[in-house]
Amino acid sequence: MRSARQQPFRTAVLILVWGWLLFLVFTPNLLVVGASVMTRDPGTFISLPLNLDAYRQLLNPLYLEVFLHSLYMAAMTTLICLLIGYPFAWSLSKVARQHQVLLIFLLIVPFWTNSLVRTYALKLILATNGLLNSALMSLGLIEEPLQMLYTEGAVIIGLVYLLLPFMILPLYAVFDDLRDDLLRASHDLGAGRFSTFIHVIVPLTLPGVLAGVMLVLLPAMGLFFVPDILGGSRNLLVGNVIKNQFLDARNWPFGAAASIVLTLAMAFLMFAHRLSKRRIGEEGV
Amino acid sequence: MKQTLLSLSNLSKQFDGKTVLDSLDLEIFDGEFITLLGPSGCGKTTLLRMMAGFEHPDEGTITLGGQDLTHTPPENRPLNTVFQNYALFPHMSVFDNVAYGLKMEKRPKDEIRERVEDALAMVQLEDFARRKPHQLSGGQQQRVAIARAVVKRPKMLLLDEPLSALDYKLRRTMQVELKRLQRELGITFVFVTHDQEEALSMSDRVVVLKDGHIQQLGTPREVYERPANLFTARFVGETNFFPGRVDSANGDDTITVDVFGLKRTFRKPDFAVSDGQALHVLLRPEDIRVLAPEEDDGVSGKVVERNYKGSTLDSVIHLEDGTEVLASEFFDEDDPTFDYRLGEPVKVSWVDGWEWLLPDEPAPAAEDDTVDA
């Protein structure tokens, strides 16, 4: 029990935290929900009456196509991040402790540069007479420059480059927690490497996989500047749609509705993550 | 004649240039309870891991019933391990943990269910099959780990300090239970511990290890009463070391030794003795007799500490030359002089024939291979 003298401080902290959440998280989100059920108005952006037109508009085949294409690119990004990140995090957890710190540090260093700047750097590499094409041509591997920029591939490369650390870090955390004696126990009980991987390693690292997917998949649908810089006009993300609705098309209800759907998708993933952690007896996130 | 089940010969292992095992030989008999006992870093866990297949020796061979296992991976060895921290799979129920090994053998479902239920009944956990490991107490997790290891009917069960995480009372219960299981199953148990009391009370044979060498191999009684060297004597139980000097070797297989100025006659030891040789006279605290100061026999000293232990009275006595003597006496209600006050002068003696003699070793105890089978 806390003593009475500590109560004012405790109350102040709680008010600060709850106030912060209320005014800077809850209220803006509520405003978005509100905007999504209002009517588009050229003058004031939104007006009454309330309706679900914006959500109905989301089902428009045109937008559905953009959404599916965006989901496809985000899913590819996530898959590639997982395929690279899983073995990467596994090996990272195996190297000596003092080297682990250095490697994680190196993983985090790029964050110190603005991601917009890094995306422009990627553009210079992928451009028609960019670094990569010149290198391949001078090596004699290709005769003429490849069209890499403004393709779906370029967007996915950009997204993987920006989001890979978000996959590796949660995976590293679960691999770091994975006790060697569980793997030994599995071998001891007659399981080979493959069986041990399927029955022990995968289930025990699943919370990390889901956390990584959560941190990669949703941002990958929202990082609108990556397609803006690398993708050309055909490779849009949901993030571009939302941005365009607010800034260009001035259709706030529709942009808000798209945001809500994206948020709900995130909530669903978080729920799945919680469930997977509970399965192995850890507290939820 | 006892049959050798597992035979370790000439095993050596180094980690980062540090020798952990040094050409070690050991035969483990079928059906015995053998304990690897030693301080941390003595190589006992490495030895157990080599049997399980988690470590491979730099040199030497491991054979099980004549079959070479030295480089066989753990999954193909007919041995199972109970790990120090149980190593239960946290994402599986108790049932699935125990069933894991049988599933890997691809046994039919009915057989798996039957055998898992039998194994859980054996450790009295049949009602806990649906629980997850984190919902069990330490002792229950321990039982699941044992059930999981024995359900595969291994030729040998390897136990890596399995009781070290339990509290004292539970540890005693589990000791009894492990003994019972071993008798019922007839499986060879190889038990690793640093707890000498545990080793003595559970084992058929004890292997005392230090620095990758076997210091002594024998029954608990041999190890306790006839330690092969000073290390074993110090490590197993409490011992008084009295400095002695051989006065004369007598014709009738006895020698006369000068201990604290007393001339005592002892049985001639196994090692060669010559007149004037220094040796250690080892007496366990329970071999010491504390007498009234006016007795003729014994060495004078005074009581500096006394601990009432329920069934025994343990005292620490300082002799006049500063030697500290531990004495542990059973209560004798007929003896009026039994209880001493602190600081009270007493005399210390013992019954000749209960002593154990060891040659003087250069300190610290030499690392010679004193294998006494």
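The values are calculated or read from the model by the stated rules, or taken from the named source; none is laboratory data. As the structure is a computational prediction, the values presented were derived from the model and not from experiment. Cβ coordinates were reconstructed from backbone atoms using ideal geometry, including for glycine residues, and neighbour counts include every protein chain displayed. These accessible areas exclude ligands, DNA and RNA; they are computed on the full protein's heavy atoms, side chains included. Shrake-Rupley method; radii C 1.70, N 1.55, O 1.52, S 1.80 Å.
Given Cα positions, please report Rg to Rh for the range A:211-285, the hydrodynamic radius being the Kirkwood one.
Rg/Rh: 1.12.
Report, for the protein assembly as shown, the % of DSSP beta bridges that are antiparallel, rounded to 5.
80
Using a 1.4 Å probe on the protein chains only, how many percent of the accessible area of the protein assembly as shown belongs to carbon and sulfur?
In the protein assembly as shown, the share of accessible area belonging to carbon and sulfur is 59 percent.
Report the label-to-label distance for A:ALA267 and A:VAL95 in nanometres (one decimal), using points 7 Å from each Cα along the Cα→Cβ vector.
According to this spin-label approximation, the distance is 4.1 nm.
Whenever you get a sec, line up A:ILE84, A:ILE104 from highest to lowest accessible area (probe 1.4 Å, protein heavy atoms).
Ranked list, largest accessible area first: A:ILE84, A:ILE104.
Sequence gap at least 6, Cα distance under 8 Å: using those rules, report the relative contact order of the range B:203-323 to the nearest whole percent.
Computed over the range B:203-323, the figure is 16 percent.
Choose one answer from B:LEU291, B:LEU283, B:LEU357: the residue with the largest mean-square fluctuation in a GNM of chain B with alpha-carbon springs under 10 Å.
B:LEU291
Give me the percent relative contact order of chain B, please, defined on Cα pairs under 8 angstrom at least 6 residues apart.
15
What FRET efficiency comes out for the pair A:ARG10/A:ILE84, r = Cβ-Cβ distance, R0 = 51 Å, nearest 0.05?
Step by step, r from the Cβ atoms, then E = 0.65.
If I take all pairs of Cα atoms in the protein assembly as shown, what percentage of them are more than 42 Å from each other?
52
Using only atoms on other chains, find how many Cβ atoms lie within 10 Å of each Cβ of peptide B:89-96 and report the average.
Partner Cβ neighbours, averaged per residue: 5.
Helix-only estimate, please: 222 nm mean residue ellipticity of chain B, summing -39500 (n - 2.57) across DSSP H runs of length 4 or more and dividing by its residues, to the nearest 500.
So the helix-based figure for chain B works out to -6500 deg cm²/dmol.
Can you give the accessible area of B:HIS194, probe radius 1.4 Å, in Å² rounded to 10?
100
Along the charge dipole of chain B, pointing to its positive end and built from +1/-1 on Cβ of Lys, Arg, Asp and Glu, which listed residue (B:TYR308, B:THR188, B:LEU262) has its Cα farthest out?
Value computed over the given set: B:THR188.
Sorting A:LEU269, B:LEU21 by accessible area (1.4 Å probe), largest first, what list results?
The ranking, largest first, comes out as A:LEU269, B:LEU21.
Using a 7 Å offset from Cα along Cα-Cβ at B:GLN14, what residues in the range B:47-68 end up with backbone N under 17 Å from the label point?
B:56-60
Roughly how much accessible area, to the nearest 100 Å², goes out of reach of solvent when A and B pair up, both sides summed, probe 1.4 Å?
Rounded to the nearest hundred, the buried surface is 1900 Å².
Full extension from B:ASN307 to B:THR61: what is 0.36 nm times the residue separation minus their Cα-Cα distance, to one decimal in nm?
83.6 nm
For the range A:215-259, which trypsin sites (Lys or Arg not before Pro) pass both filters: DSSP loop (anything but H, G, I, E, B) and at most 12 other C-beta atoms within 10 Å?
Sparse-neighbourhood loop trypsin sites (Lys or Arg not before Pro): A:ARG234.
Per the Kirkwood treatment, what hydrodynamic radius in Å, one decimal, follows for the range A:60-284 from the mean inverse distance over all distinct Cα pairs?
Mean inverse Cα-Cα distance, inverted, gives 19.6 Å.
Longest span of chain A, sites excluded, free of GluC sites (Glu not before Pro) in DSSP loop with at most 11 other C-beta atoms within 10 Å?
Answer - A:1-142.
For the pair A:VAL109 and B:GLU225, how long in nm is the line joining their label points, each one 7 Å along Cα→Cβ?
7.0
Counting only other chains, what is the mean number of Cβ atoms within 10 angstrom of the Cβ of each residue in peptide B:143-153?
Mean inter-chain Cβ contacts per residue within 10 Å come to 1.
Select from the range A:76-180 those trypsin sites (Lys or Arg not before Pro) which occupy a DSSP coil region and have at most 14 other Cβ atoms within 10 Å, ordered by residue number.
A:ARG179
Can you tell me the Rg and the Dmax, both Å, for the Cα atoms in chain B?
24.7, 79
Grab the other residues whose beta carbon is less than 9 angstrom from that of A:PHE254, score K and R as +1, D and E as -1, and report the net.
0
I'd like the accessible area for B:TRP354: 1.4 Å probe, protein heavy atoms, all chains in place, Å² to the nearest 10.
Here the accessible area works out near 120 Å².
Normalised by the residues of the range A:60-284, what does the relative contact order come to in percent, with Cα pairs under 8 Å and at least six apart?
26
Calculate for chain A the 222 nm mean residue ellipticity that helices alone would give, adding -39,500 (n - 2.57) per DSSP H run of length 4 or more and normalising by residue count, nearest 500 deg cm²/dmol.
Per the formula, -22500 deg cm²/dmol.
Where is the GNM fluctuation largest for chain B (alpha-carbon springs, 10 angstrom cutoff): B:THR46, B:THR72, B:THR239?
B:THR72
Report the residue, chosen from A:LEU21, A:LEU102, A:LEU182, that carries the largest GNM mean-square fluctuation when chain A is represented by alpha-carbon nodes joined by springs under 10 Å.
For chain A, modelled as a Gaussian network with Cα springs under 10 Å, the answer is A:LEU21.
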